[in-house]
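Just so it is clear, none of the values below were taken in a lab; they were calculated from the coordinates. Note that the coordinates shown come from a computational prediction; the quantities given were computed from them, not determined experimentally. Glycine also receives a Cβ, built like all others from the backbone with ideal geometry; neighbour counts cover every protein chain displayed.
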């Protein structure tokens with residue numbers, strides 16, 4: 001008789017002399033430990049992240065800590081509501097329907113009043129991003145198209161086939177801009193976030209079809225937060241890869257090390273939102289092919305500028321479907337496509353990927369139901385307004401406007417590099433210029449620029465601010481005024497200790513120092529709550 005294998009001998013020795021209940025207990029405990037270890041390894045968050053969250057969750061249960069947090073949160077919530085009360089002082093607050101409807105003139109007047117409530121003159125070029133052109137000519141064409149189609153719904157293809165045609169043409173025009181072939185396809189969405197979510201949904205379902213039960217995405221830390229939103233909605237795991245602190249682009253070797261058997265998608269930005277730098281899409285494409293994983297290129301912010309840069313005389317690295325590893329792209333028509341807010345495109349190299357984006361219900365009593373995007377009913381007016389904008393502007397004017405925007409961007413970048421006390425993050429690829437300081441609190445600079453009428457974007461990890469240059473900034477004197485104000489404020493910050501940062505910018509600074517990120521999340525939720533807050537008559541300004 002053959003001798004027992006060594007592992008079996010070891011097991012027998014382990015259980016030798018044990019009572020049956022002890023054997024059962026040890027076996028059950030071992031199985032539970034293995035299940036726990038497996039769940040820990042396959043969780044949607046890294047082990048260290050989950051342990052840190054669990055520690056802070058426990059800490060917040062300590063009575064003294066809980067009372068202190070609740071007191072501070074109540075104070076923050078009151079401050080947010082007080083800001084709204086101050087902003088809406090003297091404005092009619094409507095909590096119920098008017099007994100008799102307002103006249104058309106009264107409605108128009110109230111809308112004009114509502115648009116004047118903001119702090120910034122958004123038509124003058126004082127905003128970073130947000131409003132991408134101020135051409136009354138383009139706006140008139142888009143609004144006329146919307147007014148004709150406001151009540152259409154492309155879900156009903158038999159009723160509104162013309163709206164479906166316009167959507168198909170928007171997709172095809174965008175695919176051609178990004179050098180997609182005849183198989184390249186996509187859909188119009190309501191914005192960059194939905195475009196990104198649709199791509200994540202498509203490649204999650206593609207991973208499911210390949211037997212990957214718990215897919216994960218590999219993202220640069222600078223990838224848009226819409227990917228994290230998609231992960232939360234779609235139950236995806238995320239692996240975040242840090243970027244090089246000099247170039248502010250992702251290290252491709254680090255991405256390679258992060259790819260595993262569960263990877264359903266890797267991401268590159270062209271450019272990223274915080275710093276305006278462009279990841280090495282060419283190298284990521286090669287990696288995608290080597291590892292047989294899809295690569296999504298997020299060109300939501302600058303795609304409709306980058307597409308025209310070569311013709312406008314501004315070089316840009318290849319970032320689109322000319323690279324064989326690029327499986328999908330997202331680009332916002334409501335940014336540098338100059339369409340009204342509420343449209344974007346998500347594009348795929350082949351129809352198989354787009355099929356994974358769709359949702360189809362076959363057993364519903366209401367009939368077989370299929371929809372291409374998150375929405376069922378969709379705003380045909382927005383699609384028509386986007387189509388009208390694109391065909392009205394046309395390629396040559398897009399090229400001209402891109403050149404005007406990029407010329408101003410390069411002027412601002414060059415002038416900011418000359419200002420003592422600040423430095424530029426990386427190499428701006430399209431229209432975003434980001435800067436920081438090693439000599440003073442950069443959020444103090446943002447606060448002082450805010451007082452001069454500039455609305456800029458605050459950045460964290462590391463601290464910085466950026467301006468996203470739009471066609472509104474090409475108006476006469478805007479760029480020069482901006483540079484002069486930055487130079488003056490930088491000089492003030494270098495010469496004086498002008499006190500602590502106040503308001504929203506103070507929150508950005510403090511938020512980075514809070515180890516328990518769930519507290520930052522709670523503060524953000526209170527801020528979002530305040531957007532829906534209507535002051536009561538008894539509220540004091």
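One table, with the values for the structure above:
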quantity	calculated
Relative contact order of the chain, defined on C-alpha pairs under 8 angstrom at six or more residues apart (%)	19 percent
Equivalent-ellipsoid semi-axes of the chain, from the Cα gyration tensor, Å, largest first	43, 32, 28
Residues residue 16 and residue 92, FRET efficiency given R0 of 60 Å [Cβ-Cβ distance, rounded to 0.05]	0.10
Average Cα contact separation per residue, segment 340-497, under 8 Å, 6 or more apart, as relative contact order %	19 percent
Extension gain from residue 534 to residue 79, taking 0.36 nm per residue of separation minus the Cα-Cα distance	162.4 nm
Bridge type composition, the chain - antiparallel percent by DSSP, nearest 5	55 percent
Å³ per residue enclosed by the Cα convex hull of segment 118-239	198 Å³
Calculated FRET efficiency for the pair residue 176/residue 286, C-beta based, R₀ 25 Å, to 0.05	0.55
FRET efficiency, 1/(1 + (r/R0)^6) with R0 30 Å, evaluated for residue 110 and residue 137 via beta carbons	0.70
Rounded Å value of the spacing that divides the Cα centres of segment 368-394 and segment 59-77	46 Å
Additional length obtainable on full extension of the chain from residue 212 to residue 228, 0.36 nm per residue less Cα span	3.8 nm
C-alpha long axis of helix 161-177 to longest principal axis of the chain, angle in °	80 degrees
Rg/Rg_globular for segment 345-398, with Rg_globular taken as 2.2 N^0.38 Å and Rg from C-alpha atoms	1.56
Inter-probe distance in nm under a simple model that places probes 7 Å from Cα toward Cβ, at residue 460 and residue 72	1.3 nm
Packing-based ranking, highest mean first, of 294-301, 164-171 given that Cβ atoms within 10 Å are counted	294-301, 164-171
0 to 90° range, to nearest 10: angle between helix 136-149 axis and the chain longest Cα axis	60 degrees
